[in-house]
Amino acid sequence: MYASREDIGYDFGDDSKVGSKPIKPNPNIDGGWAWMIVLSSFLVHILIMGSQMALGILNMEWLEEFNQSRGLTAWVSSLSMGITLIVGPFIGLFISMCGCRKTAIIGGILNALGWILSAYASNVYYLFLTFGVTAGVGSGMVYLPAVVMVGQYFQKRRALAQGLSTTGTGFGAFLMTALLKYLCTEFGWRNAMFIQGAISLNLCVCGALMRPLSPKDVVSEKYVARSNSEDNQAKALSHSAETIKSNGVLSEEPEKKEEVTNEEVLDSVQHIEIGGKSRSGRSMYGLRLLKTVSQLTVTVRKGFAIWYSSYFGAASLFTNRVFVAFIIWALFAYSSFVIPFIHLPEIVKQYNLSSQNNVFPLTSIIAIIHIFGKVILGIISDLPCISTWNVFLMANFSLVTCILTLPLMQTYVSLAVVCALIGFSSGYFSLMPVVTEDLVGTKHLANAYGIIICANGISALLGPPFAGWIYDITHKYDFSFYISGLLYMVGIIFLLVQPCIQKKQPREKSTEEAQV
């Protein structure tokens, strides 16, 4: 879905079927450099998702600095978190054209720039643009390649690798909460954001670690396939066309003709450039510029074709009623997890529990237990006698119960217990790719999960401002948790009324079939 040709270590095209020898997998898959990719993704989750979960510290500083309503101020944090997830499908276009490494490096620079520019904010609306949009888009440009690269480098151990990398969110929320609190206390929130921007430049290092898989073992097989007879090539093209048409994607023949036309244009430019060596330097510069523009046009058109076919060719997903209910659930669920991270510091301050919260912040409790929740729920769901769908639903029921009971707790110990349960129950996030695969199958997993993540982004975008707006009206956060919890319950009911998954599909087997 998001992979460019340089990023892929396997060739899933039809040419591999024409060759006389099987294609050898890249030795870095499931080992070697693949673990560096896990490390890179782990650090990305710490720097991006972890820092976003710690924005409640900065939200209090912005309330005191700009004296705006809580609903308006909360838009700064929600824009950053929401845009990070919402832009995922569109960042796929950049990945298709430039690859994961370049996209992540550019995103790291953009994210750091958003933090640094936010240090000079004169009002909340300035933060909307610099932190919400600029840093949010930059985060999305790094976060998506980090997830995609882990999927590319791992086949047999993909679940383990994704689980290890996503635990960076919990570690990051714990570390970044302590770091931002210290920086704001010692240097003020403006200098804290400037320093955090400098730290965010390490995202470029993480992007540099996303080395594309080397297609050395594929090159020789492609050469053998291309040297076959014209009859074999015609059979391969016809088979490819039938396969793509059956999947609802663009037909292959126009793409082949388009590639030939583009190659002819580039070849003509090259011949003109060679024949014009005796011309002036100005003419040669113009020819080189024309060649560069032509190559860029070809790259953009190919990338757009891949991106368009990946998303708009998957309309059949919406005929699955359970998947549509899953989307509705995602629109309500994520905000219930995000709201406590943004507004808990303010709630603690209202209950006069700041001294106890400074010793061990409640948001840090959620973050730490969240790590164990992901691991334990993943282990339980992998048991042969346990249904992943049932574990997923039970975790959701537990989380919504905690959200509804949190306003009733007014002591630090009771709040800590509820926050620990929120952290453990929210470990179901690690099950979302598995549940999505059980719903739509391996073939549509990438597109379906991208849609679910986008729905989560909309939930994160609207949740915190809604909670702040309710507080501005009632002067209490209680109704914010009650309403968000009830909406969350509505999403769970949508999942229950649809036909449940009766049997867990063998994911490893389906993956192997997709490779064949």
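Scanning the range 67-123 for residues that are open to solvent by 10 Å² or more (accessible area, probe 1.4 Å) and of a type in the set (Val, Ile, Thr) yields 83, 86, 87, 105, 106, 109, 116. Residues that are closer than 25 Å to residue 428 by Cα, buried (at least 20 other Cβ atoms within 10 Å of the Cβ) and either assigned by the TED database to the domain that holds residue 141 or at pLDDT 85 or above (or both): does the range 182-197 have at least one? Within the range 182-197 (the criterion being closer than 25 Å to residue 428 by Cα, buried (at least 20 other Cβ atoms within 10 Å of the Cβ) and either assigned by the TED database to the domain that holds residue 141 or at pLDDT 85 or above (or both)), the answer is no, since none of the residues qualifies. In the range 387-404, the residue that is farthest from residue 366 (Cα to Cα) out of those that are open to solvent by less than 60 Å² (accessible area, probe 1.4 Å) and out of contact with any helix residue (DSSP H, G or I) (no Cβ under 6 Å at 6 or more places or on another chain) is 387.
Number of residues in the range 166-209 that are outside any helix (DSSP H, G or I) and polar (S, T, N, Q) equals 1. Just a yes or no: is a residue in the range 92-101 under 11 Å from the mean Cα position of the chain (by Cα) and either basic (Lys, Arg) or not in a loop (DSSP other than H, G, I, E, B) (or both)? Yes, the range 92-101 contains at least one residue that is under 11 Å from the mean Cα position of the chain (by Cα) and either basic (Lys, Arg) or not in a loop (DSSP other than H, G, I, E, B) (or both). Can you find a residue that is of a type in the set (S, T, N, Q) and farther than 16 Å from residue 197 by Cβ anywhere in the range 124-147? No, the range 124-147 has no match at all. Scan the range 474-483 for residues that are hydroxyl-bearing (Ser, Thr, Tyr) and either open to solvent by 70 Å² or more (accessible area, probe 1.4 Å) or at pLDDT 85 or above (or both) and jot them down. Residue satisfying the conditions is 482 alone. Exactly one residue out of 142, 147, 133 is in a helix (DSSP H, G or I), of a type in the set (A, V, I, L, M, F, W, C), surrounded by 24 or more Cβ atoms within 10 Å (Cβ to Cβ) and not assigned by the TED database to the domain that holds residue 379: that is 142.
The values are calculated or read from the model by the stated rules, or taken from the named source; none is laboratory data. None of the values given here were measured: they were computed from a predicted structure. Note that each Cβ is placed from the backbone with ideal geometry, even for glycine, and that neighbours are counted across all protein chains shown. Note: accessible area is taken over every heavy atom of the protein model, side chains too, but ligands, DNA and RNA are not part of it. Shrake-Rupley method; radii C 1.70, N 1.55, O 1.52, S 1.80 Å.
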